[in-house]
1. With respect to residue B:193, is the statement that it is free of Cβ contacts under 8 Å to residues at least 24 places away in the same chain, farther than 20 Å from residue B:76 by Cα and more than 10 Å from chain A (Cβ to nearest Cβ) true?
2. What's the number of the only condition in (1) out of contact with any helix residue (DSSP H, G or I) (no Cβ under 6 Å at 6 or more places or on another chain); (2) more than 9 Å from chain B (Cβ to nearest Cβ) that residue A:46 fails to meet?
3. Kindly evaluate residue A:59 against the criterion of being at the interface with chain B (Cβ under 9 Å from one of its Cβ atoms), modelled with pLDDT of 80 or more and farther than 28 Å from residue A:194 by Cβ.
4. Going residue by residue through the stretch B:146-163, is there one that turns out to be buried (at least 23 other Cβ atoms within 10 Å of the Cβ) and not in a loop (DSSP other than H, G, I, E, B)?
5. All but one of (1) modelled with pLDDT of 85 or more; (2) over 18 Å from the mean Cα position of the chain (by Cα); (3) within 29 Å of residue B:54 (Cα to Cα); (4) crowded, with 22+ Cβ neighbours inside 10 Å hold for residue B:210; state the number of the condition that does not hold.
6. How many of the residues making up the stretch B:59-89 are free of Cβ contacts under 8 Å to residues at least 60 places away in the same chain and crowded, with 18+ Cβ neighbours inside 10 Å?
7. Tell me the residue from B:17, B:95 that is under 21 Å from residue B:165 (Cβ atoms), surrounded by fewer than 18 Cβ atoms within 10 Å (Cβ to Cβ) and either at pLDDT 80 or above or more than 14 Å from chain A (Cβ to nearest Cβ) (or both), please.
8. Considering only the stretch A:49-61, state which residues are within 23 Å of residue A:212 (Cβ to Cβ) and within 19 Å of the chain's Cα centre (by Cα).
């Protein structure tokens, strides 16, 4: 297998074979790929739980200590809101970073060992294959989030949303955020078709994701100039928007510009990834033909 | 190393260094083959350190009083830690690639070759992103030196150099523990991320801002406070305010040695277990 600029027949292009339905056993198997991989390496689950719990604990102590020294509200966030933001952002951000690539079903690893060719000869397009696998990964991450949320609320670390309206807008915002998450990860992964190895790109994207999404520090605490830019980047759509809606930092009545921006990023990134899939498939050449 | 004629030991050491240099050169050439990824790797080091600095800046700008430490003094803590991290990445950063080496089966090859496994791990790939780490750490130290009111006597400069070396060794020791665990418990590689994240985000502040439980954890559990805070406390005249005892400000080299010995012991034990069961 090699990656070249040669033309490849339509039968090997991404997106040609038909879709799968929700009820298809194949779709189900693809969706459970990541959870099953995690289950196969159970120490991984224990390590993920350890990392998330200690990170949450550390951030809670940090914010409590910092708020203890200053006033009630900083950058529009009270202590309870900041802690809730931090806990949810850690659950959403750290968890995803850890499990990213857990299944090793990434273009990067497949290109390295040459098995990427199987993505393009299956009766399911590579694009849909990755989409179903990504959906499973997202649902698995959501299970971690919900478990952490339940424990956080029970322990008094996470405050409940200020209103039912906040819940109502947080749920679709979270869904859109997960879509943007998937698309960003996919675009980064697809760069392997051009760079062959994409460790550098992956790490860079992971740090950008963690920092600019609000996964490390609430974006509201950023210096004004940086925040003005960061809130309009796709990374902010993944964590900052849903968590800010949950905590009430963005009132439910004012959510529409933020949700609309999330939706816009979904469309833009989906179009971009579609184009990249097509071009990536054209770069694939197997045994010279 | 004991030898029969008394001359073979130095020759062997030189041989290993030469071997390491040859492998690193080959790795560098291999990485230069993918120019875009090479550039990204350098940028990655810069981004990581900027992330750490930004975190510290945001915290400082929003919460101005951090245990009585000024911005320059806090920057000194993070500069020592970041320089230590940069040097760790330069010489030993490939430890974090062990999960990848295990998955691809390359680690098995390391065990069959007539060279130490750790040496082969350290030289597996040219540590490109360490360049970015060191550039930002150096820039941070330069800014910090212009902000802090410290008389840089030869003793202070030596203390700073020892502190940076200790920070490097502490990070190596802690990562050796995790590398051993990764050999013993497949799938536990997220602990590398955890250590990096914890040291990067919580190792840059005066311990006095944290509650007692974290002060104890960062001093006696995962001693990241010795990789920045304690030496910086001596350099900036805050030795009297450190938790537990002012003596701790001098103990970074000793803690580094203990962390390294403990890490090597865990690594050897887990490698032996892996050789039997891996």
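1. Spelling it out, it is not the case that residue B:193 is free of Cβ contacts under 8 Å to residues at least 24 places away in the same chain, farther than 20 Å from residue B:76 by Cα and more than 10 Å from chain A (Cβ to nearest Cβ).
2. Of everything listed in (1) out of contact with any helix residue (DSSP H, G or I) (no Cβ under 6 Å at 6 or more places or on another chain); (2) more than 9 Å from chain B (Cβ to nearest Cβ), residue A:46 misses just condition (2).
3. Yes.
4. yes
5. Exception for residue B:210: condition (1).
6. Residues in the stretch B:59-89 being free of Cβ contacts under 8 Å to residues at least 60 places away in the same chain and crowded, with 18+ Cβ neighbours inside 10 Å: 6 in total.
7. Just a single option satisfies the conditions, and that option is B:17.
8. A:51, A:52, A:55, A:56
The values are calculated or read from the model by the stated rules, or taken from the named source; none is laboratory data. Computed from a prediction, not measured in an experiment: that's the story for all the values here. Reconstructed Cβ throughout: ideal geometry from the backbone, glycine too, with neighbour counts over all protein chains shown.
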